[in-house]
Amino acid sequence: MRVNPFMMLAAFAADWPRISALLDTGARRTLTVRLAGLRTAPAGSAEERSAADAAVRAVLDALPADDAVRLWREGNTKRFAGTSPAVLHQGYAAADLCLLVVDGNPMVGPYLGPLRDRLLAVATLSPDDIGTAMDPRLIVLSHRNGERRLPAFQFEAGAMPWRVVLEVNEVLGADTDPWGAADWWLGANAWTGTAPAGLLGRDRDQELLGAARALAVPDGEE
C-alpha cells in the first residue's frame, strides 16, 4: 500500500510540538516552501500529490533515523489508507500543518480549529481594504488557506477603526495573540453582560477598557 502523504502531514500536525523541536532551521525553511507549494497546487492534481510527497520527505529526511522509520512504518498501515487531502489523523488535517508552519497559526486540530472557524464566520475585511497605513493594533486572523482577514467589528466606518478597539486590543496584546483578542470581543463576557463587540458605539468605552484591563491584570495584582 502506497503511503498517503496527506495523512502523513496530518500526523505531523498532530505531533508538531515534538517534531518541530527536532527540525533545524534549514529543514523548517524547506518544509515551509514545500507546504506553501502544496497550498497553491490545484486541488486533486498530480502537482498537489507531488507537493505533499515533497513536504513529507522534507520532514522525514530531517528527523533522527528512529523517528523517521517509525513515522514511515505508521504511514504504511491501513489507518493511513486513502488519497484525499481532507483525511484526518486525531482530528488534524494536512491543511493544519500548513497553518502551523507557513502562517504560524496555532488554531488547528479538533479543539482550536472549530474556534478558528467560528471567529472567522463574522464579517471581515481584507488588508487591501485597509491600505498600507493599517494600525498594528488591529486584529488580523488567517483563514485555513492562509488568507489574512480583519474582523469588521473593529471599524467605525469604512477603514476607520474605533479608537476604543485599538486601546483594548493593545491591553489584550492582540499583536501577539490575535485569536485570544478576537475571542474576547466576540464571546460572552460576564463583566459586560454580552459580547463586547456589541457595545461599540453605545457610550460604553470605559466599561470595555475596564473589562479588558481586569482580564489583563493577574489575580492579586493592581
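Quick look at the numbers
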| quantity | calculated |
| --- | --- |
| Residue that is modelled with the lowest pLDDT, among those in the stretch 58-78 that are within 10 Å of residue 8 (Cβ to Cβ) and in a helix (DSSP H, G or I) | 74 |
| Residue ID - surrounded by the most Cβ atoms within 10 Å (Cβ to Cβ), chosen from residues in the stretch 83-106 that are at pLDDT below 70 and in contact with a helix residue (DSSP H, G or I) (Cβ under 7 Å, 6 or more places away or on another chain) | 85 |
| Count of residues meeting criterion [of a type outside the set (A, V, I, L, M, F, W, C) and either surrounded by 14 or more Cβ atoms within 10 Å (Cβ to Cβ) or not assigned by TED's automatic domain parsing to the domain that holds residue 11 (or both)] in the stretch 29-46 | 5 |
| Residue within the stretch 138-153 that is within 13 Å of the chain's Cα centre (by Cα), in contact (Cβ under 8 Å) with a residue 24 or more places away in the chain and in a helix (DSSP H, G or I) present | no |
| Selection count, the stretch 6-27, where residues are more than 12 Å from residue 97 (Cα to Cα) and in a helix (DSSP H, G or I) | 4 |
| Residue 213 being exposed (fewer than 14 other Cβ atoms within 10 Å of the Cβ), farther than 30 Å from residue 100 by Cβ and basic (Lys, Arg) | yes |
| Some residue of the stretch 146-154 being touching a Cys at 6+ places or on another chain (Cβ under 8 Å) and not assigned by TED's automatic domain parsing to the domain that holds residue 96 | yes |
| In the stretch 151-181, residue surrounded by the fewest Cβ atoms within 10 Å (Cβ to Cβ) [restricted to those that are of a type outside the set (Asp, Glu), farther than 20 Å from residue 213 by Cβ and modelled with pLDDT under 95] | 157 |
| Residue ID - nearest to residue 187 (Cα to Cα), chosen from residues in the stretch 113-133 that are free of Cβ contacts under 8 Å to residues at least 12 places away in the same chain and of a type in the set (A, V, I, L, M) | 121 |
| Scan of the stretch 8-28 for residues that are buried (at least 16 other Cβ atoms within 10 Å of the Cβ) and small (Gly, Ala, Ser), ordered by number | 10, 11, 13, 14, 27 |
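The values are calculated or read from the model by the stated rules, or taken from the named source; none is laboratory data. For clarity, every value in this text was computed on a predicted model and none was experimentally measured. In this analysis, Cβ positions are derived from the backbone assuming ideal geometry, glycine residues included, and neighbour counts consider all displayed protein chains.
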